[in-house]
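S.K.: Got a structure for you, questions after.
Throughout, read-outs are computed from the coordinates displayed, never taken from laboratory work. Note that the structure is predicted; figures quoted are calculated from it, not measured. FYI the Cβ positions are ideal-geometry reconstructions off the backbone, even for glycines, and counts take in every protein chain you see.
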Amino acid sequence: MSTRNIFARPARLAAIAPWLWMLLFFLVPFGFVLKISLSQTAIAQPPYVPVFDLTQGFAAIKAALAALSLDNFKLLVSDDLYVLSYLRSLVVAAVSTSILLLIGYPVAYGMARLPQRWQAVAMMLVIVPFWTSFLIRIYAWINILQHDGLLNKILLALHLVSAPVVWLSTDSAMYLGIVYSYLPFMILPLYATLAKMEPSLLEAAADLGSSPRQAFWLVTFPLSLPGVAAGVLLCFIPIVGEFVIPDLLAGSDSLMIGQTLWLEFFTNKDWPVAAAAAVVLLLLLVLPLILYDRLQRRQLEQAR
Amino acid sequence: MGLASEMAEEFSKTEPQQDVADIPLLRIDAAVKKFGTFRAVDRLSLDIRAGEFFALLGPSGCGKTTLLRMLAGFETPDEGRILLGGEDIAQMLPHQRPVNMMFQNYALFPHLSVRDNIAFGLKRAGMPRPQIDIRVAEMVALVKLEGLEKRRPDQLSGGQKQRVALARSLARRPRVLLLDEPLAALDKKLRESTQFELMELQRRLGMTFVIVTHDQEEAMTVADRIGVMDSGRLEQVATPRELYEAPVSRWVAEFVGDINILEGQLETREAGRLMVSTRDAGTITVAEPRHAVTKATLCVAIRPEKVKLSRRGPVSDALHSHAINRLEGVVTDVSYLGGVTSYKVKLDSGAVLRSSMANTARIDIDAYSASQRVVAWFTPDDCVVLEQ
């Protein structure tokens, strides 16, 4: 009983902390964004109307509320630019995540089967790129991929091409950058599920007549599905909103929603439309986010 | 080696009079398994007969699990042969062998139901669906798991998991069932009742079981024969009774059950009796063993329950009284264990002799207490003579 009393208050406070965090750094800012998305653009400071001004009294606030509209959202639906940006984001995220899974699964599988002390080394090697700033790594890729960059030099030296190949500002470069940057997020959850799998399960499968290939598809793969789902969602969700990599490595003929959003906000100074685009993006990602949350909860329950 | 095995085959072909029943189902022939320079299994040979319940017993690290894993195909012997029904399976992959294993931690597939776990091996064997259903139902009934077919392993108790593992490994009707410490995870009561169920099952199915265990009581309870292993070799292969009453070495005698060991020198030999002069207990008369005694330095081994205590020495038996060994000493320790009471008697030489006496009466007026002076006695036939 006494121990419960000692821990009750700190435990309750600790439970409040994440909610407080969410309130301060997600819900309140999201409230602002939502409000701006319902406003109209204006040449003013801030660049939108109406503005809630509590000093003007209740009537003014009522008027401001009445001035809010869904016009920006109607624009998003009616203008191809936005619809295409959303679609491109979803396609890029889906393609990248598929490539990531195809590369990440064998790597994680190989890591999990290494001798114990080599597993730690392999893990370090996966994490080590994080020690360098993400931006610097992307700029390094620009260096490698540019006209007289390392890649073209090697290809020319090996006589594989007769003239430098255009790599930069292509979708290939963008996919390369995304896959390179997100690979650890795919490998680590996969490795975690594969590494904790009982080796005796594979022996049991073999004992009961499965060839190694059958054992993989009947035992290893189904049991690694939680890791697959975690890795896929962990990559897919942020890639949809990705801005830096497509902006630096891809061409400018088609934009991902993150780039469109940036354009609206900084170049066109159209905060309300940018805010509306952000709100829709969030709604698009709610479904995968809920899925990810469910998955994590289920794993926690199983671990208990 | 190749020539020798060919010759052996030739030899067996030219001997039609050999009874089929005499050919062992499983023959391990000079098997060696090395891990680096460590020999986990060291030129071990063993025959296991069809329908036998065979136990491999030994301390941890003795190589018994490695041997079992070689039978299952998870390890490949570096040397030697493993013959199953005359066919060398030593290099055969696990999924091609007609043997199945029940794993120590059960290794049930957590993503499959009880039914699908049991059906797993049948599907791999390409059995048609209706037959699979029949076989699974049969197995479920055999291990009394009716009603739990749809459960996942994490919804089962330890005892239920053990039964699923057993059913799964029996479903393919293996020629040999290998059991790796199958009851280690169960509590004592459940373990004991399951031991009897295993024996009953084995007898009913007429199958060949090979069990690995470090628990000698378990081995003695379930097995027809026991192979005691140490450092990758078989120390003794015998029935439980032989193993206990006639161990072949001091190591086996000390490993299986409790025993008093008295070291000494062979003095004289007369009329089926050996006189051994021991440092701790004077001259002891022992029955001459069947195997020839070649060395002068011997061990006399006596199980504690063969050492009787009395206040004045044994009730005189006219025929044997001259040969009965009597040792005087003081009781130093009394442990009442329910069925038996275990005593430690400090002999006048300073050596300690253990004795255990069955508590055959509820009210025991003959119980001894600490610091009481007693005579410990045993007959020449109670002693086992071992060479060092």
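S.K.: How many partner chain Cβ atoms sit within 10 Å of a residue's Cβ in peptide A:196-203, on average, as a whole number?
M.R.: Rounded to a whole number, the mean comes out at 5.
S.K.: Report the local net charge at B:Gly264: Lys and Arg +1, Asp and Glu -1, summed over other residues whose C-beta lies under 10 Å from its C-beta. Mind showing how you got there, number by number?
M.R.: Values: positive: B:Arg279; negative: B:Glu263, B:Glu267, B:Asp280.
Result for the local shell: -2.
S.K.: Here's something else I'd like to know. How much length is gained if the chain between B:Arg49 and B:Thr283 is pulled fully straight, taking 0.36 nm per residue apart and subtracting their Cα-Cα distance, in nm to one decimal?
M.R.: Here the answer is 79.9 nm.
S.K.: In whole Hz, what ³J(HN,Hα) sequence does segment A:233-245 give by Karplus (6.51, -1.76, 1.60; θ = phi - 60°), x for Gly and Pro?
M.R.: For segment A:233-245, the Karplus-derived couplings read 5, 4, 8, 4, 4, x, 5, 4, x, 4, 10, 4, 5 Hz, x marking Gly and Pro.
S.K.: Given the pairs A:Lys196/B:Lys189; B:Lys64/B:Lys161; B:Lys64/B:Lys189, which are separated by over 29 angstrom at their Cα positions?
M.R.: A:Lys196/B:Lys189
S.K.: Another question, then. Within a Cβ distance under 13 Å of B:Thr208, other residues only, what is the Lys/Arg minus Asp/Glu net charge?
M.R.: Net charge around B:Thr208: +3.
S.K.: Evaluate the distance, in nm, between pseudo-label points positioned 7 Å from the Cα of A:Ser69 and of A:Val166 along their respective Cα→Cβ axes.
M.R.: Computed distance between label sites A:Ser69 and A:Val166 equals 4.3 nm.
S.K.: For peptide A:25-36, how many partner chain Cβ atoms fall within 10 Å of a residue's Cβ, on average?
M.R.: Other-chain Cβ atoms within 10 Å of each residue's Cβ, averaged: 0.
S.K.: Dipole magnitude of segment B:23-250 about its Cα centre, charges +1 at Lys/Arg Cβ and -1 at Asp/Glu Cβ only, in debye to the nearest 20? Walk me through the intermediate numbers first.
M.R.: Details: 34 positive and 29 negative charges, 151 e Å.
Roughly 720 debye for segment B:23-250.
S.K.: Another question, then. Alpha carbon centre of segment B:35-65 versus segment A:248-298: separation in Å?
M.R.: After rounding, the separation between the Cα centres reads 64 Å.
S.K.: Next question, about the same structure. Ranked highest first by the average count of other Cβ atoms within 10 Å around their residues, in what order do A:218-229, A:144-155, A:173-184 fall?
M.R.: A:173-184, A:218-229, A:144-155
S.K.: For segment B:361-386 and segment B:236-256, compute the distance between their C-alpha centroids and round to whole Å.
M.R.: 23
S.K.: Could you name the lysines whose alpha carbon sits less than 24 Å from that of B:Lys306, not counting residues in the same chain fewer than 8 places away?
M.R.: Straight-distance partners of B:Lys306: B:Lys344, B:Lys346.
S.K.: So what J values fall out for segment A:78-88 if you push phi through Karplus, 6.51 cos²θ - 1.76 cosθ + 1.60 with θ = phi - 60°, rounded to Hz, Gly and Pro as x?
M.R.: Couplings: 7, 8, 3, 3, 6, 4, 5, 4, 4, 4, 4 Hz.
S.K.: Below 13 angstrom from the Cβ of A:Trp262, what's the summed charge of the other residues (Lys, Arg +1; Asp, Glu -1)?
M.R.: Local net charge: -3.
S.K.: Now for a separate question. Using just the helices of chain A, give the 222 nm mean residue ellipticity in deg cm²/dmol: DSSP H runs with n ≥ 4 each add -39,500 (n - 2.57), and the total is spread over all residues, rounded to 500.
M.R.: -23000 deg cm²/dmol
S.K.: Also: Given the peptides B:162-173, B:104-115, arrange them by the average over their residues of other C-beta atoms within 10 Å, most packed first.
M.R.: B:162-173, B:104-115
S.K.: For segment B:168-178, just list the computed ³J(HN,Hα) in residue order, Karplus coefficients 6.51, -1.76 and 1.60, θ = phi - 60°, integers in Hz, with x standing in for Gly and Pro.
M.R.: The phi angles translate into 5, 6, 8, 4, 7, 6, x, 6, 9, 9, 9 Hz.
S.K.: Which whole number gives the average count of other chain Cβ atoms within 10 Å of the Cβ atoms across peptide B:79-88?
M.R.: The mean count of partner-chain Cβ atoms within 10 Å per residue comes to 0.
S.K.: Using a 10 Å cut-off on Cβ atoms, rank the peptides A:126-137, B:91-102 from the highest mean neighbour count down.
M.R.: B:91-102, A:126-137
S.K.: For chain A, with only Lys/Arg (+1) and Asp/Glu (-1) charged at the beta-carbon, what is the dipole magnitude about the Cα centre, in debye rounded to 20?
M.R.: Computed about the Cα centre, the dipole is about 1100 debye.
S.K.: Then there is this: With r defined as the distance between the Cβ atoms of A:Phe216 and B:Ala141 and R0 fixed at 56 Å, what FRET efficiency is calculated, to the nearest 0.05?
M.R.: The value I calculate is 0.95.
S.K.: 7 Å from Cα along Cα→Cβ at both A:Val95 and A:Met124: what's the point-to-point distance in nm?
M.R.: 3.7
S.K.: Between B:Arg151 and B:Lys188, what's the calculated FRET efficiency when r is the beta-carbon distance and R0 is 30 Å? Round to 0.05.
M.R.: About 0.70, to the nearest 0.05.
S.K.: Still on this structure, I have one more. Between B:Asn105 and B:Ala370, what FRET efficiency comes out of the Förster formula 1/(1 + (r/R0)^6) with R0 = 35 Å and r the beta carbon distance, rounded to 0.05?
M.R.: 0.20
S.K.: Measure out, as a whole number of angstrom, how far apart the alpha-carbon centroids of segment B:76-146 and segment B:322-338 sit.
M.R.: 52
S.K.: Next up: Rank B:Thr297, B:Gly264, B:Gly329 by how far each Cα sits towards the positive end of the charge dipole of segment B:258-387 (+1 on Lys, Arg Cβ; -1 on Asp, Glu Cβ) and give me just the farthest.
M.R.: So the residue furthest toward the plus end is B:Gly329.
S.K.: Which one of B:Leu243, B:Pro59, B:Ser169 is farthest out on the positive end of the charge dipole of segment B:23-250, using unit charges on Cβ (Lys, Arg +1; Asp, Glu -1) and the Cα centre as origin?
M.R.: Farthest towards the positive end: B:Ser169.
S.K.: Using the count of nearby Cβ atoms within 10 Å as a rough guide to exposure, how do A:Val83, A:Val92 rank from fewest to most?
M.R.: Sorted ascending by nearby Cβ count, the order is A:Val83, A:Val92.
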